[in-house]
Amino acid sequence: MSPSTATIGADIRMHAMVSNPNLPLVRRLEAVGFRAWPASSVIYDGSWQVRLTGGHPGKRLNCIVPLDPSDSRDIAIRIEKAGKRFEAHGRPLLVRQTPLSPKPLIDFLVADGWERFEEVVTMTADLGHMTFPDTLDHLPTQDVGRYVDADIAVHGGDAALKPALAEIITGIKPPSGLFVIEDAAEGPLAAALCVQDNDLAGIMSLAVRADRRRQGLGIEILSSALRWARMRGARTAWLQVVAENAQALALYRKMGFEEAYRYAYWRKASA
């Protein structure tokens, strides 16, 4: 093992020890996250969830997610088997590392030349004690097509993914709120998706159009989504944000969100 690889492995193990996440909370948020953002194909290899979605390239929809820190048998064989499944779907093989991932699996990935990328922060907030700013309240739309168009527009996404994104959203089983802020002349300005799963409310997507950021639209649409969820009985809000997105992290912390745990993805360095 090269010094750089050894250092990477040590950094990952140190991060896991320092974070000391609440594993029951991690398990619950992972479970509601799967229901709130459903992949079209899900199979289990032991406690590893293998998620694939042929119509959409999203990483959360196309990855291996280990769910038991003690499930580390036959790692090389299981990775190879999953790789063939991903190849058949035309997807790169990704492993999603959460605090539930077995340490021997991460050691295997390091030794096998994989690279870790895109760290994501999972955050939670107490909705019962949250104070919302005095902003315009928006009601959720029931028009999935309208929401999907707005989501793609504000993200600057690929319009060709509209059918797949619509299929994902219509496949969400728990109640979901689709929020859009529009201007008659400018079109969609912001979009948010909130999924209420019993007492939990997950902000699965939130974006403001690039040229309209830092104008209060993010807080406005987030507040609308969380008000809606709280009125329906949700008591805890949760969301996920890329660790490098300082602006979004600042917004969420301002609203009362705190870090619960982090996850990251692994891929073969050659990919």
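The values are calculated or read from the model by the stated rules, or taken from the named source; none is laboratory data. A quick note: this is a predicted structure, and the numbers were derived from the prediction, not measured. Cβ coordinates were reconstructed from backbone atoms using ideal geometry, including for glycine residues, and neighbour counts include every protein chain displayed. Protein only, heavy atoms only, side chains kept; ligands, DNA and RNA dropped before computing areas. Shrake-Rupley method; radii C 1.70, N 1.55, O 1.52, S 1.80 Å.
How many of the residues making up segment 99-126 are outside any strand (DSSP E or B), over 15 Å from S70 (Cβ atoms) and either at pLDDT below 95 or of a type in the set (V, I, T) (or both)?
Total satisfying the criteria: 1.
If the requirement is being in contact with a helix residue (DSSP H, G or I) (Cβ under 7 Å, 6 or more places away or on another chain), of a type in the set (G, A, S) and closer than 30 Å to D107 by Cα, which of these qualifies: A192, A243, A260? Steps first, please.
Numbers: A192 fails: closer than 30 Å to D107 by Cα; A243 fails: in contact with a helix residue (DSSP H, G or I) (Cβ under 7 Å, 6 or more places away or on another chain).
Within the list A192, A243, A260, the selection yields A260.
Count, please, the residues in segment 233-249 that happen to be open to solvent by less than 60 Å² (accessible area, probe 1.4 Å) and either closer than 17 Å to D197 by Cα or in a helix (DSSP H, G or I) (or both).
9
Applying the selection to segment 123-140, what residues are out of contact with any helix residue (DSSP H, G or I) (no Cβ under 6 Å at 6 or more places or on another chain) and of a type in the set (V, I, T)?
T124, T131
So which of R214, R262 is over 27 Å from G145 (Cβ atoms), in a strand (DSSP E or B) and of a type outside the set (G, A, S)?
The match here is R262.
Mind listing whichever residues of segment 149-180 are open to solvent by less than 10 Å² (accessible area, probe 1.4 Å) and farther than 24 Å from E30 by Cα?
A150, V154
Among the candidates G216, G187, which residue alone is open to solvent by less than 50 Å² (accessible area, probe 1.4 Å), more than 17 Å from the chain's Cα centre (by Cα) and over 24 Å from A250 (Cβ atoms)?
When all the criteria are applied, what remains is G187.
Test P57 against the stated conditions and say whether it is assigned to a loop (DSSP other than H, G, I, E, B), out of contact with any strand residue (DSSP E or B) (no Cβ under 8 Å at 6 or more places or on another chain) and not hydroxyl-bearing (S, T, Y).
For P57, the condition - assigned to a loop (DSSP other than H, G, I, E, B), out of contact with any strand residue (DSSP E or B) (no Cβ under 8 Å at 6 or more places or on another chain) and not hydroxyl-bearing (S, T, Y) - is met.
Does R146 meet the test of being under 21 Å from M255 (Cβ atoms), open to solvent by 50 Å² or more (accessible area, probe 1.4 Å) and out of contact with any Cys (no Cβ under 8 Å at 6 or more places or on another chain)?
For R146, the condition - under 21 Å from M255 (Cβ atoms), open to solvent by 50 Å² or more (accessible area, probe 1.4 Å) and out of contact with any Cys (no Cβ under 8 Å at 6 or more places or on another chain) - is not met.
For residues in segment 6-36 being open to solvent by 30 Å² or more (accessible area, probe 1.4 Å) and under 24 Å from G83 (Cβ atoms), which is modelled with the lowest pLDDT?
It comes out as I8.
Would you call L93 out of contact with any Leu (no Cβ under 8 Å at 6 or more places or on another chain), surrounded by 20 or more Cβ atoms within 10 Å (Cβ to Cβ) and among the hydrophobic types (A, V, I, L, M, F, W, C)?
On the way: out of contact with any Leu (no Cβ under 8 Å at 6 or more places or on another chain): yes; surrounded by 20 or more Cβ atoms within 10 Å (Cβ to Cβ): yes; among the hydrophobic types (A, V, I, L, M, F, W, C): yes.
Criteria met by L93.
Of the residues R267, R230, which is open to solvent by 40 Å² or more (accessible area, probe 1.4 Å) and not in a strand (DSSP E or B)?
Testing whether each residue is open to solvent by 40 Å² or more (accessible area, probe 1.4 Å) and not in a strand (DSSP E or B) leaves just R230.
Quickly run through segment 80-101 and pick out the residues that are without any contact (Cβ under 8 Å) to a residue 40 or more places away in the chain and touching an Asp or Glu at 6+ places or on another chain (Cβ under 8 Å).
K81, A82 - these are the residues of segment 80-101 that are without any contact (Cβ under 8 Å) to a residue 40 or more places away in the chain and touching an Asp or Glu at 6+ places or on another chain (Cβ under 8 Å).
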